[in-house]
Amino acid sequence: MRSAVPDVSLRLELGFEEGIMQGLVQGIIDIGVMYTPERRPGLAVEHLFDESLVLVSSNPDRPWPDPDYIHVDWGAEFQAQFGARFPDQEAPARIANIGRIGLQLIGSHGGSAYLPHRTVCDAIEQGRLWRVHESPLITLPAYMVFPTDRDEAHLARAVQKLRSLGAEERAR
């Protein structure tokens with residue numbers, strides 16, 4: 001984004017969808033990227049790409065179900081897919097609300113978690129993480145949300161760049 005629109009100042013924040021939606025409604029956030037946006041008047045919601053979440057482990061021989069599984073709360077859609085695929089899974093002892101925390105816990109204490117493939121693919125290739133054998137892929141659509149009532153060139157350029165980045169991710 002920075003190279004495509006170098007004259008636009010970027011402030012990047014990690015947050016929960018409720019707070020991002022509130023910031024968009026209040027006009028203090030220009031664009032939000034999230035898995036489960038709310039439809040609101042004055043806001044456009046566009047599909048960017050589908051996020052592939054893979055079950056990875058710190059040990060290639062770790063059994064599943066894993067007593068050291070870290071459940072990352074990727075939202076309601078993830079919960080539904082996870083529950084359908086693992087209906088007998090007991091409540092996990094460790095829950096993280098952000099994927100980076102799950103990844104850090106695996107790195108420092110071992111275990112397994114569902115994480116975005118694009119985030120962990122290098123670690124898998126380098127043998128630092130392993131896909132859990134025969135584990136199902138969970139796919140979440142990622143959306144861009146932005147105001148429709150603002151006619152600002154920098155916002156239009158940023159939206160267009162995110163569209164093209166989404167198209168690149170879909171092509172992979």
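One table, with the values for the structure above:
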quantity: Accessible area expressed per residue, the chain, with surrounding protein chains retained (probe 1.4 Å, Å²); calculated: 60 Å²
quantity: Fraction of accessible area attributable to carbon and sulfur, the chain (%, probe 1.4 Å); calculated: 50 percent
quantity: Per-selection Rg to Rh, the chain - Cα, Kirkwood hydrodynamic radius; calculated: 1.01
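The values are calculated or read from the model by the stated rules, or taken from the named source; none is laboratory data. Every value quoted in this text rests on a predicted model; they were computed, and no experiment measured them. The accessibility values were calculated without ligands, DNA or RNA, using every heavy atom of the protein model including side chains. Shrake-Rupley method; radii C 1.70, N 1.55, O 1.52, S 1.80 Å.
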